[in-house]
Amino acid sequence: MSVPGSGSRHFSPDPAPGPGRGVVAITAAAPERAADPAASDNAVELEGITKRFPGVVANKDISFAARRGTVHAIVGENGAGKSTLMKILYGVQRPDEGTIRVDGREVHLNSPSDAIDAGIGMVFQHFQLADNFTVLENVVLGAEKLHGIGDGARREIRRISEAYGLDVDPDALVEDLGVGARQRIEILKVLYRGAKVIILDEPTAVLVPQEVDELFDNLRELKSEGLTVLFISHKLDEVLSVADTITVIRRGTTVDTVDPASVNARQLAELMVGAELPTPQTEESTVTDRVVLRTEDLVLAGVGDGRNVLDGISLTIHAGEVLGIAGVEGNGQAELVEVIMGMREPTSGLVFLGDTDISDWRTREIREAGVAYIPEDRTRHGLLLEAPLWENRILGHQTEEPNAKGFLINAAGAKADTERIVKEYDVRTPSIFVTAGSLSGGNQQKLIVGREMSHEPKVLVASHPTRGVDVGAQASIWDIIRKARRDGLAVLLISADLEELIGLSDTIQVLLRGRLTGTFDPDTVTAEDLGAAMTGAAAPAAHAGAPTSDAQTSDVQTSDVQTSDVQPSEAQPSDVQPSEAPAGDGSTAPPAVAPPTDHTGDAEESR
């Protein structure tokens with residue numbers, strides 16, 4: 001899509017120039033934002049936007065235009081530059097080069113306040129709400145002069161809520177509301193401030209499918225009223241269903257702007273990664289007779305309700321086998337991982353690594369014995385976000401080479417090995433000395449996978465290993481798991497992505513209300529079969545020798561199976577996690593590109 005304009009204007013990274021020099025940023029005293037009748041139909045135009053950070057060019061000559069009254073999606077791999085671009089449009093970052101126009105008028109956005117005054121609002125992936133405040137108090141915070149803090153504000157909130165179908169009670173406490181309602185509050189906050197352009201950064205990451213449908217209804221209502229939505233996502237099926245136009249960003253630059261009706265998810269994914277995605281090929285089974293990990297009648301008592309969180313869990317994983325665990329979030333998956341990894345002590349039952357009973361071992365001892373762990377929540381339990389990459393490489397392996405020399409940390413060895421991981425696992429970073437929090441989600445996950453696979457593990461416990469990553473990182477992680485399987489690794493794979501489970505697993509078992517209720521053959525089972533078994537809606541069609549199903553009808557819904565990013569929290573090393581299970585967020589949305597159906601060979605890694 002061509003963008004009107006003549007060349008790029010260069011921005012200084014220094015503070016705005018003084019009076020009489022340059023263009024003054026929009027302020028609260030700026031003229032009314034009414035569009036010039038002669039202006040184009042574009043609500044926002046970006047031309048030649050470039051942003052550099054030390055050692056990396058985040059955005060390079062990006063240009064696109066978003067029309068009024070449309071949903072314009074921006075898609076790309078993690079680390080492609082989407083979030084940086086939106087932060088520039090919202091005034092959080094300043095571009096080094098380029099022009100921004102709002103309603104046909106060139107603007108300089110030196111702060112979020114400037115963006116708000118220009119009619120731009122942003123809803124961040126991680127909500128910015130005070131839990132102990134009411135909806136009204138959260139909405140008016142910082143905007144008290146608009147409608148006051150009492151009845152006037154309450155009337156305006158109700159008016160906006162009714163006008164756009166947001167269904168928000170201004171007097172409700174935020175801590176009592178679910179994730180979907182909190183997101184609607186964030187949307188209401190930007191509408192309250194007069195936004196005509198709304199940026200949504202990964203808005204479906206923390207929503208269950210019903211909430212996704214409700215959000216899309218809200219977006220259609222917004223655009224019907226003439227508002228423009230910039231929708232940032234890497235969930236391509238969702239993008240194709242809601243967007244009017246899609247701009248693809250790859251490695252910091254725009255590569256195409258397309259009509260959703262003209263492309264499918266696979267074509268869009270290949271535009272994102274710049275290469276044809278690997279096509280899976282059937283591979284013979286690598287499962288051996290050697291048992292590597294098994295549990296016997298594991299029971300974990302619940303707190304308060306008297307119900308067992310885990311109830312009689314017995315499973316066996318052989319060398320060269322991927323055992324997939326399917327289940328709606330909250331049915332015991334997180335607790336099963338915590339018991340196996342020594343984070344919780346079972347009420348009864350045993351865990352064996354080979355022939356050794358490790359039921360009462362500490363997490364560090366289990367790791368040192370050869371159990372690698374990819375946690376469900378990378379920001380809480382996989383990384384120290386404020387620490388550099390080389391220090392994160394040490395986490396969970398503090399006593400092992402090359403991280404340790406005797407009783408001391410071997411910093412030189414850890415740094416050298418981090419360089420190897422960055423290269424071997426395609427972790428895109430300017431340096432091993434940047435913080436883990438500065439990486440995109442996909443690159444954070446590849447760093448964790450590289451760390452865990454660097455100690456020749458016997459078992460890999462992978463909990464949602466591709467949650468919240470783009471198709472390129474997803475394909476890379478799939479390839480790593482497949483190769484490890486061929487090399488004889490035993491893998492316990494827990495995922496809410498049913499296509500991923502079917503594509504990677506040798507056997508799939510369903511966990512419902514803390515009990516294993518059915519065993520399935522990935523070669524014959526469908527996602528619909530698994531979904532029915534996961535909710536107790538249908539008796540599972542088990543293999544010969546599979547456990548008898550005594551599933552009860554669950555109080556959860558079939559569609560509560562989703563992938564999502566997690567809420568930020570205090571990061572911890574993965575071998576010193578708190579005892580409580582990480583919050584599960586869940587998605588049924590299948591990945592945009594079908595994962596490896598069966599067990600591929602040496603498919604080329606997608607970059």
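Values quoted throughout were computed directly from the atomic coordinates according to the rules given, and no laboratory measurement underlies them. Since the model is a prediction, treat every value here as computed from it, not as a measurement. As a convention, Cβ positions derive from the backbone with ideal geometry for all residues, glycine included, and neighbour counts pool all protein chains shown.
Quick check: residue separation of V303 and V434 times 0.36 nm, minus the Cα distance between them. What number comes out in nm?
Values: separation 131, 0.36 × 131 = 47.16 nm, distance 4.10 nm.
Result for the pair: 43.1 nm of gain on full extension.
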Item to check | Nitroxide proxy distance, nm - points 7 Å out along Cα→Cβ at S285 and A163 | outcome: 6.3
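How high is the relative contact order of the range 70-225? Use alpha-carbon pairs under 8 Å, at least six apart in sequence, and give a whole percent. The partial results should precede the final answer.
Working: 180 pairs, mean separation 41.6, N = 156.
Here the relative contact order equals 27 percent.
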Checklist outcome for this item: With +1 at each Lys and Arg Cβ and -1 at each Asp and Glu Cβ, the charge dipole magnitude of the range 77-183 around its Cα centre, to the nearest 20 debye, comes out at 280
Next on the checklist: I want to verify the translational diffusion coefficient of the range 63-125 in µm²/s; compute it with Stokes-Einstein, Rh as the Kirkwood radius over Cα pairs, at 10 °C and 1.306 mPa s.
Outcome noted: 127
Checklist entry - Percent relative contact order of the range 342-500, based on C-alpha pairs within less than 8 angstrom and at least six residues apart? => result 24
Checklist outcome for this item: Ordered by fewest other Cβ atoms within 10 Å, a rough proxy for footprinting exposure, T253, T526 read T526, T253
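Give the peptides 500-506, 358-364 in descending order of average Cβ contacts within 10 Å, highest first. Write out the running numbers ahead of the final one.
On the way: 500-506: 25.3, 358-364: 16.4.
Packing proxy ranking, top to bottom: 500-506, 358-364.
Please work out whether the range 291-385 counts as rounded, prolate or oblate from its C-alpha gyration tensor, where a ≥ b ≥ c are the square roots of the eigenvalues and a/c under 1.5 means rounded, while otherwise a/b larger than b/c means prolate and anything else oblate?
On the way: a/c = 1.39, a/b = 1.07, b/c = 1.30.
Rounded.
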Checklist entry - Fewest first, what order do T356, T245, T228 take by the number of other Cβ atoms within 10 Å? => result T356, T245, T228
Item to check | Nearest-0.05 FRET efficiency for A143 and S224, computed from C-beta distance (R0 30 Å) | outcome: 0.75
Checklist outcome for this item: The answer for K196, listing residues at least 5 apart or on another chain whose modeled amide H is closer than 5 Å to its amide H, is I120, G121
Checklist outcome for this item: Taking a straight Cα-to-Cα line shorter than 18 Å from K145, and setting aside same-chain lysines fewer than 8 residues away, one finds K189
Checklist entry - When we measure straight from the Cα of K51, which lysines land under 19 angstrom away, once same-chain ones fewer than 8 places off are left out? => result K60, K82, K87
Item to check | Per-peptide average of other Cβ atoms within 10 Å, ordering 178-188, 78-88, 461-471 highest first | outcome: 461-471, 78-88, 178-188
Checklist entry - How far apart, in nm, are two points set 7 Å out from the Cα along the Cα-to-Cβ line at D523 and at L173? => result 5.6
